[in-house]
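The values are calculated or read from the model by the stated rules, or taken from the named source; none is laboratory data. Worth saying up front: this structure is predicted, and the values here are computed from it rather than measured. So basically every Cβ, Gly included, is an ideal-geometry build from the backbone, and we count neighbours across all protein chains shown. For accessibility, only protein heavy atoms count, side chains too; no ligands or nucleic acids. Shrake-Rupley method; radii C 1.70, N 1.55, O 1.52, S 1.80 Å.
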Amino acid sequence: MIRSEALQEVLSRDHQQDRQALEQLLERCRDVPFEPGPCPVLVPGATGDQLDDPDIPEIDLVDLDDRALKDAMCQSGYLIVRNFFPAALCDQLRSVVDALLDESGAEKRTKLTFSGEPGVFNDPPRNIDELMEKTTFGVPRSYLRATGAAMCVESPSVAVWLMELYEERGIKRLVENYLGDESTLSALKWVLRRTVNEDIGPDGWHQDGAFMGRDIHSLNMWVALNPCGADSGAPGLDLIPGRSRAVYESRTGKHAWMMTDRDIDQDFAEPGPCSPRFGAGDAIFFDHLSIHRTQFGQQFNRARYAIESWFFARSKCPRNQVPLAW
């Protein structure tokens with residue numbers, strides 16, 4: 001295991017103390033009432049399945065501010081921010097992803113919440129099952145392991161370290177200004193990814209609002225940690241450009257939320273999907289109504305590293321995503 005500076009810092013932390021801190025942050029959201037309501041950026045002129053801007057705007061980090069983010073999300077539902085993380089930080093973060101996936105000791109297929117030897121990379125909050133709806137924490141963990149991913153909260157020291165990093169880089173302030181409220185993270189949708197082609201399939205189109213709910217206020221920050229998409233050799237993201245304002249049901253998938261290529265061909269042939277090329281450190285912001293999937297194709301023979309963080313307005317976070325204060 002390569003011990004980068006970031007990894008050394010994570011390993012030097014008191015993981016039991018970090019776990020207790022994470023448990024307290026989860027408790028802070030336990031009794032916060034969920035107040036469903038339309039997301040502010042979806043309200044002006046919003047009707048049905050309207051798609052406003054067929055282009056996905058791109059800016060550099062130096063041009064990112066509250067207004068740029070709000071305008072892009074309102075008009076097109078996406079914003080790509082180039083050079084969001086420096087390349088050196090991406091190198092550090094990839095080593096943390098590898099450690100969490102390789103050193104956790106949690107079995108790939110088990111649905112038990114607590115399995116394997118407890119340690120820095122395998123110490124889920126003790127109260128997590130109490131906050132889950134209709135299942136246990138081990139179920140989403142098993143699913144994510146099978147797709148080359150892990151939730152940050154599986155390693156509280158990784159989670160707390162990342163929270164501190166996000167705050168240092170002004171991400172907390174940016175998110176809260178966008179949401180117009182105190183923000184929460186989803187314990188289940190805050191994920192480190194190391195995706196390879198054999199772990200995915202072609203019919204993965206979806207909107208997270210199909211299972212989160214429509215009347216929420218969300219912002220997803222997806223950051224590539226190595227080059228991916230297009231001709232990079234690593235799978236990126238396929239996206240349907242434009243500001244979607246409806247949750248669509250699949251007519252051809254196994255589940256209503258699982259859209260297939262036939263659904264896309266029938267309903268979104270114009271302008272059609274796009275597949276941006278991401279460099280290490282490039283980020284894309286979108287929300288729960290974005291139609292997207294992990295890119296699929298036989299040409300992808302390299303792993304794609306990414307970190308995905310779903311933020312919610314405190315009162316608009318669906319309980320099934322297990323809100324985490326920060």
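Assorted remarks:
- Helices (runs of 4 or more DSSP H) fully within the range 81-148 counting 2 or more residues that are touching a residue at least 60 places away in the same chain (Cβ under 8 Å) and out of contact with any strand residue (DSSP E or B) (no Cβ under 6 Å at 6 or more places or on another chain): 87-103, 128-131
- Residues satisfying the stated conditions in the range 300-322, i.e. more than 19 Å from A150 (Cβ to Cβ) and aliphatic (A, V, I, L, M): A313
- Filter result for S95 (at pLDDT below 95 and among the polar types (S, T, N, Q)): no
- Candidates A72, A68, filtered to the one that is in a helix (DSSP H, G or I) and crowded, with 20+ Cβ neighbours inside 10 Å: A72
- Exactly one residue out of R251, R262 is outside any loop (DSSP other than H, G, I, E, B), free of Cβ contacts under 8 Å to residues at least 40 places away in the same chain, over 21 Å from C90 (Cα atoms) and more than 14 Å from the chain's Cα centre (by Cα), and it is R262.
- The lone criterion from (1) of a type in the set (D, E); (2) more than 17 Å from the chain's Cα centre (by Cα); (3) crowded, with 19+ Cβ neighbours inside 10 Å left unmet by D238 is number (2).
- Qualifying residue in the range 282-303 (condition: under 12 Å from the mean Cα position of the chain (by Cα), in a loop (DSSP other than H, G, I, E, B), of a type outside the set (S, T, Y) and farther than 18 Å from D91 by Cα): yes
- Only one of E176, E164 that is open to solvent by 20 Å² or more (accessible area, probe 1.4 Å), within 17 Å of V10 (Cα to Cα) and assigned to a helix (DSSP H, G or I): E164
- Checking E198 against (1) open to solvent by 10 Å² or more (accessible area, probe 1.4 Å); (2) under 19 Å from M258 (Cα atoms); (3) at pLDDT 95 or above, the condition it does not meet: (3)
- Residues being aliphatic (A, V, I, L, M) and either closer than 18 Å to P323 by Cα or open to solvent by less than 10 Å² (accessible area, probe 1.4 Å) (or both) - total across the range 106-159: 10
- For the range 79-90, residues that are surrounded by fewer than 20 Cβ atoms within 10 Å (Cβ to Cβ) and within 14 Å of L165 (Cβ to Cβ) total 3.
- When the residues of the range 255-281 are filtered to those that are touching a Gly at 6+ places or on another chain (Cβ under 7 Å) and modelled with pLDDT of 95 or more, the one that is surrounded by the most Cβ atoms within 10 Å (Cβ to Cβ) is F278.
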